[in-house]
Amino acid sequence: MISPFLVLAIGTCLTNSFVPEKEKDPNYWRQQAQETLKNALKLQKLNTNVAKNVIMFLGDGMGVSTVTAARILKGQLHHNTGEETRLEMDKFPFVALSKTYNTNAQVPDSAGTATAYLCGVKANEGTVGVSAATERTRCNTTQGNEVTSILRWAKDAGKSVGIVTTTRVNHATPSAAYAHSADRDWYSDNEMPPEALSQGCKDIAYQLMHNIRDIDVIMGGGRKYMYPKNRTDVEYELDEKARGTRLDGLDLISIWKSFKPRHKHSHYVWNRTELLALDPSTVDYLLGLFEPGDMQYELNRNNLTDPSLSEMVEVALRILTKNPKGFFLLVEGGRIDHGHHEGKAKQALHEAVEMDQAIGRAGAMTSQKDTLTVVTADHSHVFTFGGYTPRGNSIFGLAPMLSDTDKKPFTAILYGNGPGYKVVDGERENVSMVDYAHNNYQAQSAVPLRHETHGGEDVAVFAKGPMAHLLHGVHEQNYIPHVMAYASCIGANVDHCASARSTSSPALGPRLLPLVLLPLSTLF
């Protein structure tokens, strides 16, 4: 039975919608448009400096609908209506669209896409750091088909490099930066089939420690994949699922320490207190593993043990910026994706807002003159919000109407499929009878699935800094790292850099030649 007060509230919601007084004056909108126009005209003077630094923010699963909803949430967290709010990424001057399909998949996964936007070639679903000649789960198709990433190109050019993620450090997105694997799920040898082991393939955690031994900063989750099977976790001593998983008996943390030169200062930390106690000016190498698996959702985070994404990014930048040759930093807001898969939109959107805060933190610590910053997503989700909601409606609230079919209310946020599908007494669940504002509420979905799926539409690419204008239209996803490499004069496509440096003004520093773009050669 629906409360008559709920029906009345829904029926009158639109007529009582809040409209800020200033927005009733047409001059407000005209002046806003003119200011935007002035800023757009300024972009005619392109930034063609060489990018000393490159920062890539990857919102896993952060489709356009997620960006919009996160914008509203950010505003509402600051007690505004939300729609007029600007995310940090909204302020970037150049925006493009990225086509996310994998070579064998219309709707992609995070591994094949990571290979595209980090290694510059499209790949099959479920594979990382290999070309499409590698078939998922088939170890014997890996050799000879490995492709390297922009993180490797940057390190080979003498730059410092870092990986910061809210997932396991050997999850799909970060693993494409350093690993070559026929299966994204080979986190440790415990998850690998005997056939793959006998054929000589190595697990992703092993490759993290051995493929590029001098990654300067690594932070995220994934402790259990570094330790021998059944080793008790330092934080969750009674939790069997948190124990070590490795069958080969290796202690990869000790191996990581042994690889570092004695005259360098290397630090391994496992909690927020240890991380924030570090003096970044004295740290050469940092490994921070704050959870056995993925890190906790931002809404669930323990402030004593787990750092926020923003905090990890700040520490990483303070370490990486010491290199006079510059750096490359990959930052992943990885649990946006997980929240959506679980149908928990509130968790997903708070993850997106936290990543946007990290983008702002990085912006405050760097300069657009010499730092190219790119923000994008690997793929979207079947996440949407609608229902003719009025201005200022809680992003987690109800639509201002009842269904004209089953006469029940519905939330603005819905999923095309997923675990939120529920039937009560043969009918759709009445959401007015549940706490739809709960952190772990699973929004209703049209098709029942244990895990909600990715979406196949294009995702946004936001860019600022040197050569950001090269991200300007609708691009294949694998184009992105070629732009970052071109801008920073690393990898194979660097012929344009020598002439630019020889003719540059010492006061301005080296500049690229924007109208003489040589063919983008393959970088693997």
Top-ranked residue in the stretch 382-438 [being part of a strand (DSSP E or B) and of a type in the set (D, E, K, R); ranked as nearest to ILE336 (Cα to Cα)]: ARG428
Verdict on ASN53 being open to solvent by less than 90 Å² (accessible area, probe 1.4 Å), at pLDDT 95 or above and in contact with a strand residue (DSSP E or B) (Cβ under 6 Å, 6 or more places away or on another chain): yes
Per-region count, the stretch 115-130, residues touching a residue at least 40 places away in the same chain (Cβ under 8 Å) and either in a loop (DSSP other than H, G, I, E, B) or within 13 Å of ASP183 (Cα to Cα) (or both): 9
Selected residue [crowded, with 23+ Cβ neighbours inside 10 Å and in contact (Cβ under 8 Å) with a residue 24 or more places away in the chain] from MET355, MET365: MET355
Candidates ASN323, ASN271, filtered to the one that is assigned by the TED database to the domain that holds ILE204 and surrounded by fewer than 18 Cβ atoms within 10 Å (Cβ to Cβ): ASN323
Residue that is least open to solvent (accessible area, probe 1.4 Å) [pool: residues in the stretch 31-47 that are at pLDDT below 95 and in a loop (DSSP other than H, G, I, E, B)]: LEU43
Some residue of the stretch 414-435 being crowded, with 20+ Cβ neighbours inside 10 Å, of a type in the set (S, T, N, Q) and closer than 26 Å to LEU58 by Cα: no
Options THR384, THR371, THR389: the member that is under 23 Å from SER445 (Cα atoms), touching a Pro at 6+ places or on another chain (Cβ under 9 Å) and either modelled with pLDDT of 95 or more or open to solvent by less than 40 Å² (accessible area, probe 1.4 Å) (or both): THR389
Residue match in the stretch 469-476 (condition: assigned by the TED database to the domain that holds GLY59, part of a helix (DSSP H, G or I) and buried (at least 21 other Cβ atoms within 10 Å of the Cβ)): yes
Any hit, the stretch 203-214, residues being open to solvent by 70 Å² or more (accessible area, probe 1.4 Å), assigned to a helix (DSSP H, G or I) and within 20 Å of TYR178 (Cβ to Cβ): no
Leading residue by the ranking (farthest from THR173 (Cα to Cα)) among those in the stretch 469-486 that are of a type in the set (A, V, I, L, M, F, W, C) and out of contact with any strand residue (DSSP E or B) (no Cβ under 6 Å at 6 or more places or on another chain): LEU470
Positions within the stretch 188-228 being among the acidic types (Asp, Glu) and without any contact (Cβ under 8 Å) to a residue 60 or more places away in the chain, in sequence order: ASP189, GLU191, GLU195, ASP203
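The values are calculated or read from the model by the stated rules, or taken from the named source; none is laboratory data. Bear in mind that the values here come from a model prediction, so they are computed numbers and not experimental data. Neighbour counts are summed over all protein chains in view; Cβ atoms, including those assigned to glycine, are modelled from backbone coordinates with ideal geometry. Please note that ligands, DNA and RNA were not included when accessible areas were found on the heavy atoms of the full protein model with its side chains. Shrake-Rupley method; radii C 1.70, N 1.55, O 1.52, S 1.80 Å.
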